[in-house]
1. Would you pick out the residues in region 101-136 that are of a type in the set (A, V, I, L, M), in a loop (DSSP other than H, G, I, E, B) and under 13 Å from Tyr88 (Cβ atoms)?
2. Pairs, please: C-beta under 7 Å, at least 6 apart or cross-chain, first residue over 14 Å from Cys94 (Cβ atoms) and in region 53-75, second of a type in the set (Lys, Arg) and modelled with pLDDT of 95 or more?
3. Give Val38, Val21 a once-over and let me know the one that is at pLDDT 95 or above, in a helix (DSSP H, G or I) and among the β-branched types (Val, Ile, Thr).
4. Could you list, in sequence order, all residues of region 1-19 that are free of Cβ contacts under 8 Å to residues at least 60 places away in the same chain and within 15 Å of the chain's Cα centre (by Cα)?
5. Of the residues that make up region 139-148, is at least one among the charged types (D, E, K, R), part of a strand (DSSP E or B), surrounded by 13 or more Cβ atoms within 10 Å (Cβ to Cβ) and modelled with pLDDT under 90?
6. How many of the residues making up region 21-52 are under 12 Å from Cys138 (Cβ atoms) and either without any contact (Cβ under 8 Å) to a residue 40 or more places away in the chain or of a type in the set (Gly, Ala, Ser) (or both)?
Amino acid sequence: MTIHEIYIDDQECWGCKTCEVACKQEMNAPEGVKLIVVSEDGPKIVGGAPDFTYRINMCQHCNEPPCADACPEEAIAKRSDGIVVMDYELCSGCRACIEVCPYDAIDFDDDKSIARKCNLCHHRVDRGLIPACADNVCLAHCIHFDDSNEKKKRDNMLAS
């Protein structure tokens with residue numbers, strides 16, 4: 001079984017927020033709901049010039065997702081390929097998953113009274129595509145989507 005993983009290199013992020021736009025369009029997220037967030041740290045003065053650091057926050061698709069354990073409706077589940085998905089039809093809006101997420105990566109849709117999280121565009125992945133936010137849309141190429149075998153190959157190449 002192929003295990004899918006997302007890798008984020010914050011050091012390479014420009015803060016353009018193209019990933020946020022791509023996600024919002026792909027997932028048809030309502031105003032105020034973000035499934036991926038780019039935040040800015042700074043400016044800090046480095047060598048007399050302002051310097052900014054950007055951080056990308058999204059669901060990390062935990063090995064043992066606390067959000068799934070906390071959900072009384074069993075609306076969140078980890079697939080065999082490593083993607084943690086939420087079934088919005090089952091969500092009761094209790095917010096238990098939001099409270100336990102260690103990454104603060106689950107948002108609340110006030111219009112529908114349900115929690116929303118990144119499902120890693122599993123509808124795209126199931127068709128052999130990558131998530132909307134990753135590689136080809138990320139201008140800085142700091143969001144990567146691989147299967148675990150590809151990551152191991154890349155890590156081995158970097159180590160040698």
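The values are calculated or read from the model by the stated rules, or taken from the named source; none is laboratory data. None of these values were measured; they are calculated from a predicted model. As a convention, Cβ positions derive from the backbone with ideal geometry for all residues, glycine included, and neighbour counts pool all protein chains shown.
1. Passing the criteria: only Ile106.
2. Matching pairs, first to second residue: Cys59/Lys117; Pro65/Lys78.
3. Val21
4. Lys17
5. yes
6. Matching residues across region 21-52 total 3.
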